[in-house]
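Participant: Here you go, one structure.
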Amino acid sequence: MTLDAAIAEAARLVAASNQPLIAGLGTDVAGARAAIALAQQVGAAIDHMHSESLLRDLDVVRSSGVMLTTPTETDVHADTLLLAGPLPHDGLFQQIVLGSKRPAERGRALRIFWLCPGSSAATAAGGKNNIQIIGRAPGDLPALLAALRARVADRPIAKVAVSARLLEQISRDLKASRFGVAIWSAASIDALTIEMLCGLVNDLNAMTRFSTLPLLPADNALGILQVCGWMTGVPMRTGFGRLYPHHDPWLFDRRRLAEAGETDCVIWISAYRAEAPPWREAPPTIALTADGAGFRMPPRVHIAVGTPAVDHAAVHYVPSIGTLAALAASQPSQMISVADAVSRIAAALPDDGAGRC
Amino acid sequence: MLTHLVGGRVIDPANGRDAVGDVWWRDGRIIDAPSETRTEATYDATGKIVMAGAIDIHSHIAGWNVNTARLLLPEYHRAAAQRPAATPLSYAGWSTFETGCRYAAMGFTTVVEPAVSPHYALHAHLELADIPIIDKATLAVLGNDDYLLTLLHAQESESAIEDYVAWILDMTRSIGIKVVNAGGAAAFKENIRQFSLDDVVPNYGVSSRKIVNALQHAVNNLGVPHPLHVHCNNLGLAGNVATALDTIAAAEGLPLHLAHLQFYGYGTEGERGFSSAAARLAEAVNAASDVTVDVGQVMFGPTVTISSDVLRQFNARGRARPRKWLILDGDANGAGVVPYDYRRSDFYNAVQWAVGLELFLLINDPERVFFTTDHPNGAPFTSYPEIFALLMSRDLRAKWIADLPRAAMAMTTLPSITREYTLPEIAAMTRAAPARLFGLTDRGHLGTGAVADVAVYEDDADRAKMFRAAALVFKDGERVVRDGEITRRTWGRALTVAPPRDRATDRRMKDYYDARYGVSDELFKVPAHALGRPEPFGVVPCRP
């Protein structure tokens with residue numbers, strides 16, 4: 001199928017749909033802008049492939065108080081890190097925990113405590129002797145954090161997975177830190193545990209300075225969250241069928257919509273990786289992905305798109321600086337961008353608003 | 001295209017005009033009445049009020065802080081959808097698109113986002129690029145950044161500081177510089193919880209006063225039209241009028257702009273130790289001709305406070321309504337987002353409301369006191385029409401005062417003030433003066449050559465109704481609003497300044513970013529092509 005034919009067929013499918021879904025959203029800021037504009041135009045729902053863990057962090061933010069800091073500030077200012085649960089061995093982990101970007105002359109002693117890291121912590125830690133591991137099994141983390149929070153506040157505790165003496169030492173060390181940063185990944189711990197950790201950080205600020213730095217999912221998840229925020233006022237998992245952005249994390253869960261048969265047309269976007277949609281019984285799908293995705297069900301339309309900041313210039317979230325940055329194409333090519341492909345589909349739709357519920 | 005606006009009362013204080021007459025423009029610029037009149041569009045403004053488009057000099061409309069507030073408060077959007085009349089913040093228009101449309105509907109055509117952290121400048125400009133119709137500009141926040149504090153600590157020359165400030169203006173594509181609780185955020189990182197004008201930042205050994213003074217001189221020497229925009233220390237605290245008076249005194253005859261002065265107008269009198277000190281403050285402003293201020297008026301209802309004053313927001317987090325908040329220890333200033341609900345029945349909130357109005361009414365020169373609510377900190381910008389009405393009617397104020405706690409009103413001079421703003425004074429405060437304050441010679445007035453940003457209002461005795469929904473608004477000569485409804489969505493530009501600078505600074509800054517952060521400074525820049533609009537920037541000339 002030529003690109004023109006693919007665009008035309010995609011537009012036909014979207015126009016004929018009663019409830020389209022734009023999911024995956026692994027794309028840059030321009031792609032997200034185009035996708036959200038299309039969703040508004042046709043009354044689609046939008047969801048990102050990593051919204052589970054992203055919304056887990058956000059749920060804590062929008063129901064309690066949270067201290068937050070930046071990767072760069074953590075790098076230059078922290079004297080203590082409190083890691084909680086298993087962490088992805090991604091670039092930010094290398095930067096913050098292993099100090100890959102930290103200039104050698106700033107050899108200030110950084111103390112690292114790692115609660116319940118799971119089995120692969122030793123590899124991750126790379127034999128660093130400034131990392132103290134407390135507990136092992138991730139399942140012990142909620143009770144351990146609760147106990148630590150109690151000890152920091154000088155409240156008595158019952159028996160937990162590690163010795164009272166060890167807890168006492170950690171509690172003392174955390175209180176003695178000058179600027180500590182708690183780090184976790186919502187991919188491996190639940191919202192209540194995150195809230196407990198943030199609560200511990202809040203308590204520590206009664207005595208010293210402490211903040212947090214969640215490690216975030218890939219595929220520009222945070223960039224997409226930001227674009228959703230400014231364009232619609234709310235995060236992803238939002239539907240436009242009611243003619244205003246209606247955010248409901250259950251109702252507009254992409255997997256639920258697909259598996260319950262509530263959507264009859266999916267635009268699946270994954271420009272950073274050749275990721276295919278995870279569900280089995282798929283409605284007609286228009287796939288915009290990097291080349292090579294292995295689909296369980298062949299999509300009706302597949303448009304191979306360029307990778308942001310590789311094939312074309314792009315703005316996306318850069319974990320090392322904790323914000324959006326504009327990047328040039330590292331290997332410029334003629335591959336179409338998500339923004340262009342989606343805009344062309346939108347332009348090919350009939351003008352009469354067909355496709356709306 | 002030649003457009004003719006016929007027979008309105010044209011109020012244009014910058015050109016000394018207040019008379020019934022016509023306004024003409026061709027394409028996007030105001031012209032003299034042409035001899036040949038093949039007019040392509042004619043609008044009848046008979047009986048209506050004609051002003052230049054309004055300019056808001058301090059409104060938090062875009063960027064990481066604002067977006068975090070959106071994401072923190074999903075309930076405000078739900079409220080917006082279902083019961084707009086009951087929840088004032090829902091009027092604010094919580095997306096970029098609604099922000100532009102709602103401003104335009106009130107006749108505003110230029111808005112300044114006053115607090116962009118240099119490292120979040122691209123994010124802010126991406127949001128601004130998605131705000132339709134209006135032109136925008138940003139102020140870059142300095143004063144808690146390691147580079148500046150290190151320069152001051154090392155007693156580097158004024159020119160070194162100027163080079164850095166010019167580099168920041170270029171990197172962030174800003175129109176000016178703001179300082180927010182100078183040194184306070186850096187001190188907070190060292191576990192300091194109170195910070196005043198003569199306190200010293202640990203490790204750097206520099207006082208807040210020194211930081212403000214250095215930035216004020218740098219901005220002035222670079223010829224940047226907008227003077228240093230100062231958010232003082234001790235915001236919101238009883239007795240903080242002393243800080244504001246000290247800061248005014250520290251201006252030392254050079255231009256200085258004090259932001260949201262209402263939040264510094266508090267004395268310590270009365271049983272609760274909280275009173276209005278607006279009269280003293282207004283007197284000091286009246287006497288200091290180089291100082292300009294904006295008010296930051298409080299209006300009652302739920303809102304959210306968004307500030308780069310991380311220390312203040314941290315200390316205020318316990319009073320969050322609803323009880324949630326986010327505090328960012330940023331690369332320099334950081335940010336705090338704390339929702340709040342100003343209540344009529346609350347003694348303190350009622351005093352705050354009165355302090356703002358006292359400042360508006362007791363500062364004599366409408367060209368030195370600017371119309372802001374510090375959106376959304378004092379109130380959402382959508383409450384402006386009600387504030388215009390309060391300024392223009394003492395009877396309306398008396399009605400409000402009668403409904404507020406008597407003990408609170410007794411702590412203010414507001415009940416005794418009889419002044420009423422006139423329409424020409426409103427036009428001066430919201431059009432002529434803000435343009436002058438930012439060096440925007442092409443707007444804020446209706447003289448020949450000005451950008452054809454024009455607002456037409458019904459001359460309604462209900463001033464709030466009049467200002468809520470303009471009869472007609474033109475942006476760059478195109479009609480964008482009719483009867484308060486958007487008729488056309490255009491894309492404005494972000495206005496910037498580009499003072500001359502020493503190119504050697506580029507090398508120094510590159511080395512600094514490599515050494516301090518291990519990343520390229522290029523990552524923080526705002527290239528025009530990244531913003532997805534054809535002409536995202538306009539440049540405002542600096543003074544020679």
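Only the coordinates and a few stated rules stand behind these numbers; no lab work does. This one's a predicted model, so the numbers in the text were calculated from it and none came from an experiment. Every residue, glycine among them, receives a Cβ derived from its backbone with ideal geometry; neighbour counts consider all protein chains shown.
Participant: Which of rounded, prolate or oblate describes the stretch A:57-215 when judged by the alpha-carbon gyration tensor and an a/c cut-off of 1.5?
Facilitator: rounded
Participant: Which percent, to the nearest 5, of DSSP beta bridges fully inside the protein assembly as shown are antiparallel?
Facilitator: Counting DSSP beta bridges with both partners in the protein assembly as shown, the antiparallel share is about 40 percent.
Participant: Right, next: If R0 is 45 Å, what FRET efficiency do you get for B:Asp514 and B:Asp32 from their C-beta distance, rounded to 0.05?
Facilitator: Approximately 0.20, to the nearest 0.05.
Participant: Using helices alone, I'd like the mean residue ellipticity at 222 nm for the protein assembly as shown: each DSSP H run of four-plus residues gives -39500 (n - 2.57), total over residue count, nearest 500.
Facilitator: Working: 31 runs with 300 residues, N = 901.
My calculation for the protein assembly as shown gives -9500 deg cm²/dmol from helical runs alone.
Participant: Sticking with this one: What lysines does B:Lys189 reach when the alpha-carbon gap must be under 18 Å and sequence neighbours fewer than 8 apart in one chain are set aside?
Facilitator: A:Lys175
Participant: To continue, here is another question. Do any trypsin sites (Lys or Arg not before Pro) in the stretch B:338-397 lie in a loop, going by DSSP, with at most 16 other beta-carbon atoms within 10 Å of their beta carbon, and if so which? It would help to have the intermediate numbers written out before the result.
Facilitator: Details: sites: B:Arg343, B:Arg344, B:Arg368, B:Arg394, B:Arg397; in loops: B:Arg343, B:Arg344, B:Arg368.
The qualifying sites are B:Arg343, B:Arg344.
Participant: Of the beta bridges DSSP finds with both residues in the stretch B:444-537, what % are antiparallel, to the nearest 5?
Facilitator: The antiparallel proportion sits near 90 percent.
Participant: Ignoring solvent entirely, what values of log10 I(q)/I(0) come out of the Debye formula for the protein assembly as shown at 0.05, 0.06, 0.07, 0.10 Å⁻¹ when each Cα is a single scatterer?
Facilitator: Those come out to -0.28, -0.41, -0.57, -1.18, one per q.
Participant: Something else now. Show the residues, 5+ positions off or on another chain, whose built amide H is closer than 5 Å to the amide H of B:Ser196.
Facilitator: Those lying under 5 Å, H to H, from B:Ser196: there are none.
Participant: Give me the one-decimal nm value for the distance between modelled label points at A:Met207 and B:Ser159, 7 Å along each residue's Cα-to-Cβ direction.
Facilitator: 5.2
Participant: So how much slack lies between A:Ala158 and A:Ser63, counting 0.36 nm per residue of separation and subtracting their Cα-Cα distance, in nm?
Facilitator: 31.4 nm
Participant: Could you let me know the centre-to-centre spacing of the stretch A:287-314 and the stretch A:12-82, using Cα atoms, in angstrom?
Facilitator: Centre-to-centre distance over Cα atoms comes out at 19 Å.
Participant: Right, next: Taking R0 as 35 Å, what's the FRET efficiency between A:Asn130 and B:Thr150 from their Cβ-Cβ distance, rounded to 0.05? Could the numbers behind the result be given before it?
Facilitator: On the way: r = 27 Å, r/R0 = 0.78.
For A:Asn130 and B:Thr150, the calculated efficiency is 0.80.
Participant: For the stretch B:52-467, what class follows from the C-alpha gyration tensor (a ≥ b ≥ c being the square roots of its eigenvalues): rounded when a/c is under 1.5, otherwise prolate if a/b is larger than b/c, else oblate?
Facilitator: Values: a/c = 1.33, a/b = 1.21, b/c = 1.10.
Rounded shape, in that the Cα axes give a/c under 1.5.
Participant: By the scheme Lys and Arg +1, Asp and Glu -1, what is the net charge of all other residues having a beta-carbon under 14 Å from that of B:Arg209?
Facilitator: With Lys, Arg at +1 and Asp, Glu at -1, the neighbours total -3.
Participant: 5 Å is the cut-off here: which amide hydrogens, built 1.01 Å from N in the peptide plane, fall below it relative to B:Thr303, excluding neighbours closer than 5 in sequence?
Facilitator: Excluding prolines and chain starts, which carry no amide H, the hits are B:Tyr340, B:Asp341, B:Tyr342.
Participant: Report the Cα centroid-to-centroid distance between the stretch B:416-454 and the stretch B:318-386 in angstrom, as an integer.
Facilitator: 23
Participant: Could I ask something else about it? For B:Ala410 and B:Asp460, what is the calculated FRET efficiency with R₀ set at 30 Å and r taken between the beta-carbons, to the nearest 0.05?
Facilitator: FRET efficiency, B:Ala410 to B:Asp460: 0.35.
Participant: Could you tell me what percent of the DSSP beta bridges with both partners in the stretch B:52-467 are antiparallel, to the nearest 5?
Facilitator: About 40 percent, rounded to the nearest 5.
Participant: For chain A, the longest stretch holding no trypsin sites (Lys or Arg not before Pro) located in a DSSP loop with at most 11 other Cβ atoms within 10 Å is which?
Facilitator: Answer from the scan: A:1-107.
Participant: As an exercise, identify the GluC sites (Glu not before Pro) in the stretch A:253-319 lying in DSSP coil whose Cβ has no more than 13 other Cβ atoms within 10 Å.
Facilitator: Sparse-neighbourhood loop GluC sites (Glu not before Pro): A:Glu281.
Participant: Compute the Cα gyration tensor for chain A, then decide on rounded, prolate or oblate, letting a ≥ b ≥ c be the square roots of its eigenvalues: rounded whenever a/c is under 1.5, prolate when a/b is larger than b/c in the other cases, and oblate in all that remain.
Facilitator: Here chain A falls in the prolate category.
Participant: Something else now. Going through the DSSP H helices of chain B, which span 24 Å or more along their own axis at the Cα atoms while scoring at least -1.0 as a mean Kyte-Doolittle hydropathy?
Facilitator: On the way: long enough: none.
Sorted by number, there is nothing, because no helix extends far enough and scores high enough.
Participant: While we're on this one: Got a sec? How would B:Val295, B:Val310 order by Cβ neighbour count within 10 Å, fewest to most?
Facilitator: Details: B:Val295 29, B:Val310 25.
Ascending Cβ contact count within 10 Å gives the list B:Val310, B:Val295.
Participant: Among the trypsin sites (Lys or Arg not before Pro) in the stretch B:464-519, which ones are in a DSSP loop with at most 15 other Cβ atoms within 10 Å of the Cβ? Mind listing them?
Facilitator: Answer in residue order: B:Arg488, B:Arg489, B:Arg503.
Participant: For the stretch B:462-470, what does the Karplus curve 6.51 cos²θ - 1.76 cosθ + 1.60, with θ = phi - 60°, yield as ³J(HN,Hα) per residue in whole Hz, taken in order and with x for Gly and Pro?
Facilitator: 7, 5, 4, 5, 4, 7, 6, 9, 5
Participant: Using only Cα atoms, tell me the angle between helix A:51-61 and the longest principal axis of chain A; keep it within 0 to 90° and round to the nearest 10.
Facilitator: 50
Participant: Obtain the nm distance between the two label points defined at A:Leu98 and B:Ala398 by a simple spin-label model: each point lies 7 Å from its Cα along the Cα-to-C-beta direction.
Facilitator: 7.6
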